[in-house]
Amino acid sequence: MAKVYSTEHGRLCPKCSEPQHQGACATAATSAVGDGRVRIQRETKGRKGAGVTLVTGIPLELQALKALHKQLKKRCGVGGAIKQGVLEFQGDQRQVLLAELSKKGWDVKISGG
């Protein structure tokens, strides 16, 4: 795989997409393990008024998190992204995500206003 160059950081590691480093890549990024509760919130800050739904606290490795995210995006019928272990979904998807994540056995809570 070819190395990618970034004007901000220089060469990037092809495996972890972090700035090039010596030695092995760091372990796969996981979401922060907090109190064991999965939280769902809606946010518009920094998005020019466009709302997104954020899901935090899912205790999965990166590959499993990606698979779950893909499944949930399909269920909601929207796009999204994973940023630093936080799942993002376009629009207000709180109720759908609450039902789907509860079915998987996690303790889920809608947080925020």
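The values are calculated or read from the model by the stated rules, or taken from the named source; none is laboratory data. Since we're looking at a predicted model, the values are computed, not measured. Neighbour counts are summed over all protein chains in view; Cβ atoms, including those assigned to glycine, are modelled from backbone coordinates with ideal geometry. Side chains included, ligands, DNA and RNA excluded: accessible areas come from the protein's heavy atoms. Shrake-Rupley method; radii C 1.70, N 1.55, O 1.52, S 1.80 Å.
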Matching residues, segment 74-113, being among the basic types (Lys, Arg) and part of a strand (DSSP E or B): 83, 109
Failed item, numbered, when residue 57 is tested on (1) modelled with pLDDT of 90 or more; (2) open to solvent by less than 50 Å² (accessible area, probe 1.4 Å); (3) more than 12 Å from the chain's Cα centre (by Cα): (3)
Subset of segment 74-102 [open to solvent by less than 60 Å² (accessible area, probe 1.4 Å) and in contact (Cβ under 8 Å) with a residue 40 or more places away in the chain]: 85, 86, 91, 93, 94, 97, 98, 101
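Only one residue in 41, 71, 22, 63 is modelled with pLDDT of 90 or more and either outside any helix (DSSP H, G or I) or open to solvent by less than 80 Å² (accessible area, probe 1.4 Å) (or both). Which one?
Values: 71 fails: either outside any helix (DSSP H, G or I) or open to solvent by less than 80 Å² (accessible area, probe 1.4 Å) (or both); 22 fails: modelled with pLDDT of 90 or more; 63 fails: either outside any helix (DSSP H, G or I) or open to solvent by less than 80 Å² (accessible area, probe 1.4 Å) (or both).
Going through 41, 71, 22, 63 in turn, just one is modelled with pLDDT of 90 or more and either outside any helix (DSSP H, G or I) or open to solvent by less than 80 Å² (accessible area, probe 1.4 Å) (or both): 41.
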